[in-house]
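Notes for the one structure printed next.
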Amino acid sequence: MMHAISPLQERAGGKLVGAFVEGQPDGEIDQCSNSRLDGESNDVTQENELFRNGMARSRTLQSFSTSILSTSAEIGPLKELSSQNDGFGLTFSNAIRKDIGDSCDVPNFSRETRRLMEPFLRKARVEREHAQFRSDNGFVAPIGNQTGVPYVGLRSETPFLFDIETYPLDRVLATTLKVDDLSRLHEEPKLQSKMLLVRNECTRFEFQKAYDAFVTSFCIPLIHSIAMSKSIFHSVSAESSICYRYQAFPNIRILRPGESSKGPVCDTAKGHSIGCLRFHVPLTPSFGTNALYSESFPGREDWHPLLSKSAGLGFLFDGARCLHFNLENTTSSTSVALDFSITFYQDGDATTDYIDGDYLCTKTLLEDDFSVQQGYYSEATIELGIRSLGKVVVEKREQQYQRHGRQLTTRP
């Protein structure tokens, strides 16, 4: 199963905790060729688009909006679908493998594949709508409806390129873990011991610094520039500043050959705010069955992989609402990627009521299961209007959040 390092809060001690998730491989693997990675270009946007366009919406897509509105019906489906199998002991990755076999190529998600996926998709849909029902935005609408969703103009899947010399995230992480090649982490006999190096604030200092620089110097200005081009700040005073809240430490996804995720999920179902924008940044070649799969729009279920031939290509997408998952990695390469979320709101805005449309989140709407954990988020601000002097300058806040963890825990 997929391994991940993610920031958590040790409630008793007020210290940041990094989480390492370990699971069991779902089966034997075959060594598959990765010759499809040949070539210098990392621009696979067209290939991703072809996958999206070629996928038909699931014929079995159902809405649970009606059942969620009643308390008894709300609890029932969640209990019924609480297990990680389809009721016959078949896990998500086993179900897909049953149809695609040992192939390490991207599945075509045929009707049979979708039939096998359906029990897991049904569970994920119910959890997503349950999370929508629990939110404080006051709206209950079909998942594809944009009512109550902030800055919808930023939620289209957007690939982006970044300079790996300026932001050498892959090399710094490899150095931190004391390995030569992240894609061969499966050859390390004691991966858990390696991951302890990312937990310690001294040994992970250079990686933490590289991650902070990437977020504050590249990711936040990227979101800010897209938001400005789509006039998302049109309701904000010219003398205001925008506050960006981002994960203080990223989730590190590690998917070794033979491992897989538990199944489709969206970030709101895991406790994140609807305001979260998800960054997925592969640090190793992402191809075939070792890539992250997502839908391009909530409820569309046009499953496609987020492909990258090397570090330097990342993706911004609506992970808060779009279901995403990993398959069983039947390639011969370990997949390593960073996942983290960024949200933003008008600094100093005391408004608690959400205004529909391409407006910013309110601070109330951004509160989630993780914002109550001291140390999970950091913040930075960008000045607007005259005070910005025409420049986008990210100023990191000196804040109350504690950043570094000293303890390793396991999440189910």
- prompt: Taking interchain pairs and intrachain pairs at least six residues apart, which have beta carbon atoms under 8 angstrom, with the first residue in the stretch 211-224 and of a type outside the set (K, R) and the second part of a helix (DSSP H, G or I)?
  reply: Y211/L169; F214/L169; I223/L154
- prompt: Within the stretch 395-403, is there a residue that is at pLDDT 75 or above and either within 22 Å of the chain's Cα centre (by Cα) or open to solvent by less than 80 Å² (accessible area, probe 1.4 Å) (or both)?
  reply: no
message: Pairs needed: first member in the stretch 369-381, in a strand (DSSP E or B); second member anywhere, modelled with pLDDT of 90 or more and open to solvent by 20 Å² or more (accessible area, probe 1.4 Å); C-beta distance under 6 Å; at least 6 residues apart or different chains.
response: A380/T216
task: Answer yes or no as to whether A227 is in contact with a helix residue (DSSP H, G or I) (Cβ under 9 Å, 6 or more places away or on another chain), open to solvent by less than 60 Å² (accessible area, probe 1.4 Å), closer than 28 Å to T158 by Cβ and at pLDDT below 95.
output: yes
message: Given (1) open to solvent by less than 10 Å² (accessible area, probe 1.4 Å); (2) more than 28 Å from I274 (Cα to Cα), identify the lone condition not met by R184.
response: (1)
statement: Only one of F279, F297, F287 is out of contact with any helix residue (DSSP H, G or I) (no Cβ under 9 Å at 6 or more places or on another chain) and of a type outside the set (S, T, N, Q), namely F297
query: Here are D358, D339, D347, D353: which of them is closer than 24 Å to F214 by Cα, at pLDDT below 95 and among the charged types (D, E, K, R)?
result: D347
task: Could you tell me whether P189 is under 23 Å from the mean Cα position of the chain (by Cα) and at negative phi?
output: no
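Just checking, does the stretch 192-212 include any residue being among the aromatic types (F, W, Y) and surrounded by 19 or more Cβ atoms within 10 Å (Cβ to Cβ)?
The answer is yes, given that some residue of the stretch 192-212 is among the aromatic types (F, W, Y) and surrounded by 19 or more Cβ atoms within 10 Å (Cβ to Cβ).
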task: Please go through the stretch 158-181 and pick out each residue that is in a loop (DSSP other than H, G, I, E, B), open to solvent by less than 30 Å² (accessible area, probe 1.4 Å) and either of a type in the set (S, T, Y) or in contact with a strand residue (DSSP E or B) (Cβ under 8 Å, 6 or more places away or on another chain) (or both).
output: F162
query: Does at least one position in the stretch 124-146 carry a residue that is among the aromatic types (F, W, Y) and modelled with pLDDT under 90?
result: yes
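Conditions tested, residue by residue: (1) open to solvent by 10 Å² or more (accessible area, probe 1.4 Å); (2) out of contact with any His (no Cβ under 7 Å at 6 or more places or on another chain); (3) assigned to a loop (DSSP other than H, G, I, E, B).
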{"site": "R245", "(1), (2), (3)": "yes, yes, no"}
{"site": "I252", "(1), (2), (3)": "no, yes, no"}
{"site": "S260", "(1), (2), (3)": "no, yes, yes"}
{"site": "S273", "(1), (2), (3)": "no, yes, yes"}
{"site": "V281", "(1), (2), (3)": "no, yes, no"}
{"site": "G299", "(1), (2), (3)": "no, yes, yes"}
{"site": "G314", "(1), (2), (3)": "no, no, no"}
{"site": "A320", "(1), (2), (3)": "no, no, yes"}
{"site": "T330", "(1), (2), (3)": "no, yes, yes"}
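The values are calculated or read from the model by the stated rules, or taken from the named source; none is laboratory data. Worth saying up front: this structure is predicted, and the values here are computed from it rather than measured. Heads up, the Cβs are rebuilt from the backbone with ideal geometry, glycines too, and the neighbour counts pull from every protein chain shown. Protein only, heavy atoms only, side chains kept; ligands, DNA and RNA dropped before computing areas. Shrake-Rupley method; radii C 1.70, N 1.55, O 1.52, S 1.80 Å.
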